[in-house]
Amino acid sequence: MSDLNSLYQEVILDHSKRPRNFHALENADHHANGFNPLCGDKVTIFLHLNGERIEDISFQGSGCAISTASASILTETLKGKTVSEAQALFEVFHKLVTGRSGDSNGGPPLGKLAVFAGVSEFPVRVKCASLAWHTLRSALDNSAAVASTE
């Protein structure tokens, strides 16, 4: 296994075992629930917006290591970003995990999110990695419907 793959696995395992921002956000003004029926992953994303800026973000839920790590890194990455920056990151991240792009192609830098590059080799895991992101979109839209990867 390459050193890079080993590092990626370490980051995913760390965020899975010790997820960041894992709590209900008391002052949330947006939230949404997400569910992956394929493997049973569940996530709730909580947001507090200040205008168009994500002032605070957190999540709760249960799922596999990839799903939990993705939600954890999502919250770290998006705190302080604008809604449009979050939407642009969703697009770049989704292309990465679906294998449609090896890099951000001029989009926003992925930072720690790059650890999910290998997910595209396992199509069933794409839904695990993207659940929190689909749920984020629902939260930003204040949608009452449960977000799904289907």
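Nothing in this text is a laboratory measurement; each read-out follows from the coordinates by a stated rule. Note that the structure is predicted; figures quoted are calculated from it, not measured. When we count neighbours, we look across all protein chains shown, and the Cβ atoms used for this are built from the backbone with ideal geometry, even at glycine.
Structure notes:
- Mean-square fluctuations from a GNM of the chain, with a 10 angstrom spring cutoff on Cα atoms, peak among 130, 16, 62 at 62.
- Amide hydrogen neighbours beyond the local backbone of residue 143, cut-off 5 Å, H modeled: none
- Inter-label distance for residue 145 and residue 87, nm, one decimal - labels placed 7 Å from Cα along Cα-to-Cβ: 1.7 nm
- In this calculation the C-beta distance from residue 76 to residue 124 is compared with R0 = 30 Å, giving a FRET efficiency of 0.75.
- In this structure the amide hydrogen of residue 54, modeled in the peptide plane, comes within under 5 Å of the amide hydrogens of 80, 81, 82, 83, none closer than 5 places in sequence on its chain.
- Förster radius 25 Å - calculated FRET efficiency between residue 13 and residue 42 (Cβ-Cβ, nearest 0.05): 0.80
- Overall Cα dimensions of the chain, principal axis frame, Å, largest first: 44, 34, 28
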